[in-house]
Amino acid sequence: RFSPARAKAIALNRELVGATSLPQILDLVASRSREMDAIAEATAMSRLCKANERARMSGEALERDADVQTLLARVEQRALSDGFGARALGNVAHALAKMGLGTGPRSRTVWRLLAQRAEQRIDMFHEQGLANTAWAFATARRDAPALFGAIAHTAEQRVLDFNSQGLANMAWAYATAGYAAPELFDAIARTAEQRVGDFNSQNLANTAWAFATAGYAAPELFGAIARTAEQRVGDFNSQDLANTAWAFATAGYAAPELFGAIARTAEQR
């Protein structure tokens, strides 16, 4: 049986999961703050992010909201006391990045603490958590070289356990962050080449873009992407078409059949 405090936290967490709007979530955080534990705080951040996909408030507007600041203060204290597990750390970072939170002093402090705690617990992260955390810090343009180094080392050891989305996200994150990780890119290239058939159009485009941006030569991978992308070019949206063409041109990899397919598709659109 759970203690009364834990039972209340579980009940609150269920209510947060069911909340769908910013006012609902923030009202729960404000009115039930004494019942919140680390899991509820991480859930509140994730639900806030999901609700904001519909509300579309800018990061600057969210930073000015008093209730958001109250939640950030709780997250800051929890991270300061090392109260988040690996999954919660990744989820909070992912939510912060998607909401564009990082300009205010409190959110900058939260990012710094998340980087420290995630680095300390890196061996406890699952593959999706590693990819999501790297994606979050790259998207938010957070400078965290020690964390990127730890993620790269860990991901390289477990690269076979990543799914296609995770492989693409890892490559994209390191290219976007501008963090050199040649061993990781080499491991991703070998694995992605074997699994290229599992990649969707966005993953194909993002992986090619990442390797071209990072300046990492991977001719076998580019060849596999070219053959697969040519067959599925009709599934690519305009951004994916542009990114794929740019990536192959930048990498200097000749793919005349792929360029022909892109040209015909782009012309029609």
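Along the Cα→Cβ direction, 7 angstrom out, place labels at Leu160 and Ser33. What is the inter-label distance in nm?
5.0 nm
About the Cα centre of region 27-123, how large is the charge dipole given +1 on each Lys and Arg Cβ and -1 on each Asp and Glu Cβ? Please answer in debye to the nearest 20.
Once rounded to the nearest 20, the dipole reads 140 debye.
Could you do me a favour and compute the accessible area per residue for region 55-179, 1.4 Å probe, result in Å²?
44 Å²
If one takes the longest principal axis of the Cα atoms in the chain, at what angle in degrees, from 0 to 90 and to the nearest 10, does the Cα axis of helix 201-214 lie?
80 degrees
Give the shape of region 1-113 as rounded, prolate or oblate, defined through the alpha-carbon gyration tensor: a ≥ b ≥ c are the square roots of its eigenvalues, a/c under 1.5 means rounded, and otherwise the shape is prolate if a/b is larger than b/c and oblate if not.
Note, shape of region 1-113 comes out oblate.
If eta is 1.567 mPa s and T is 4 °C, what Stokes-Einstein diffusion coefficient results for region 61-111, Kirkwood Rh from Cα pairs, in µm²/s?
For these conditions, the coefficient is 118 µm²/s.
Could you point to the residue in His126, Met170, Asn91 farthest towards the positive end of the chain's charge dipole, with +1 and -1 charges on the Cβ of Lys/Arg and Asp/Glu respectively?
Asn91
Mind checking the angle between helix 219-231 and the chain's longest principal axis? C-alpha axes, 0 to 90 degrees, to the nearest 10.
90 degrees
Once the Cα gyration tensor of the chain is diagonalised, what are the square roots of 5 times its eigenvalues, in whole Å and ordered largest first, as equivalent ellipsoid semi-axes?
38, 20, 16
Is the shape of region 122-265 best called rounded, prolate or oblate, per the rule: a/c under 1.5 gives rounded, else a/b larger than b/c gives prolate, else oblate, with a ≥ b ≥ c the square roots of the Cα gyration tensor eigenvalues?
Prolate, since a/c reaches 1.5 and a/b exceeds b/c.
Based only on Cα atoms, what mean projected area does the convex hull of region 108-189 have, in nm²?
Mean projected area for region 108-189: 4.6 nm², to one decimal.
How many nm is it between the label spots at Thr265 and Asn200, if each spot is 7 Å from the Cα in line with the beta carbon?
1.4 nm
What distance in nm lies between label points placed 7 Å from Cα along the C-beta direction at Gln69 and Glu230?
Placing both labels 7 Å along Cα→Cβ, they lie 5.8 nm apart.
Calculate the FRET efficiency for Thr20 and Ala61 from the Cβ-Cβ distance with a Förster distance of 25 Å, rounded to the nearest 0.05.
0.85
Using a/c under 1.5 as the rounded threshold, could you call region 154-226 rounded, prolate or oblate? The axes a ≥ b ≥ c are square roots of the C-alpha gyration tensor eigenvalues, and prolate needs a/b larger than b/c, oblate otherwise.
Numbers: a/c = 1.37, a/b = 1.11, b/c = 1.23.
Verdict is rounded for region 154-226.
The values are calculated or read from the model by the stated rules, or taken from the named source; none is laboratory data. Everything numeric in this text was worked out from a predicted model, so none of it was measured. A quick note on method: Cβ atoms are made from the backbone with ideal geometry, for glycine too, and the neighbour counts reach across all protein chains shown. The protein model used for the area step is the full one, side chains on, heavy atoms only, and it has no ligands, DNA or RNA in it. Shrake-Rupley method; radii C 1.70, N 1.55, O 1.52, S 1.80 Å.
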